[in-house]
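Any read-out appearing in this document is the output of simple, stated calculations on the displayed coordinates, not a laboratory observation. Remember, it's a predicted structure, so these values are computed and weren't measured experimentally. In this analysis, Cβ positions are derived from the backbone assuming ideal geometry, glycine residues included, and neighbour counts consider all displayed protein chains.
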Amino acid sequence: MNLQVRILTPDGIVMKRDDIDEVILPTSTGQIAILPQHATLITALEIGLIRIRVEDDWTVFIGFGGNATVIENRVQILLSTIESLPKTPVEEIREEAERLRLRVDQVTERRDKLAAAQQYKKALARLQGVLFLDAVKN
């Protein structure tokens, strides 16, 4: 038995598959793995990795907030924005994340600090995604 997964953004359907073995989502309380026969669930999603497994192959996206529902092996993920992992070398991604982390510490205006924190979360998700795929390939 598999999961039926749909990922939607305001731009349309990003993915629609019915052969998914596992989905890992970044919720507001931490990561959650969805497997076949999962209990009904509605959850908010944070900025972070959306990992999708079919057999031993993983596909990773970066989601930028939204929500997910799980009902009877159907997973619907609604996101404000989604992006694929960058092809950039891991060291460049790591340097960008560090630069943005330092910026969060330097900014003093509340609105600017929130924007800087969001940019840092996005950069950190990109780094985590690249490192995750490197780890599962080896």
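Quick notes
- Each residue of region 7-18 was assigned a 3J(HN,Hα) from its phi angle through the Karplus expression (A = 6.51, B = -1.76, C = 1.60, θ = phi - 60°), giving 10, 10, 10, x, 7, x, 7, 8, 8, 8, 9, 10 Hz with x at Gly and Pro.
- In percent, rounded to a whole number, the relative contact order of the chain is 21, using alpha-carbon pairs under 8 Å and six or more apart.
- GluC sites (Glu not before Pro) within region 16-123, DSSP loop, no more than 13 other Cβ atoms inside 10 Å: Glu55, Glu72, Glu109
- On full extension, the segment bounded by Glu83 and Thr69 gains 3.0 nm, given 0.36 nm per residue less the C-alpha separation.
- Taking Cα atoms only, the orientation of helix 90-106 departs from the longest principal axis of the chain by about 60 degrees.
- Modelled FRET efficiency - R0 30 Å, Asp56 with Gln118, Cβ distances, 0.05 increments: 0.35
- Three-way shape label, region 90-137, alpha-carbon gyration tensor, a/c 1.5: prolate
- Within a straight-line Cα-Cα reach of under 29 Å, Lys113 can be paired with the following lysines, leaving aside sequence neighbours fewer than 8 residues apart in one chain: Lys87, Lys121, Lys122.
- The ellipsoid that matches the Cα gyration tensor of the chain has semi-axes, each √(5λ) in whole angstrom, of 28, 18, 12, with the longest given first.
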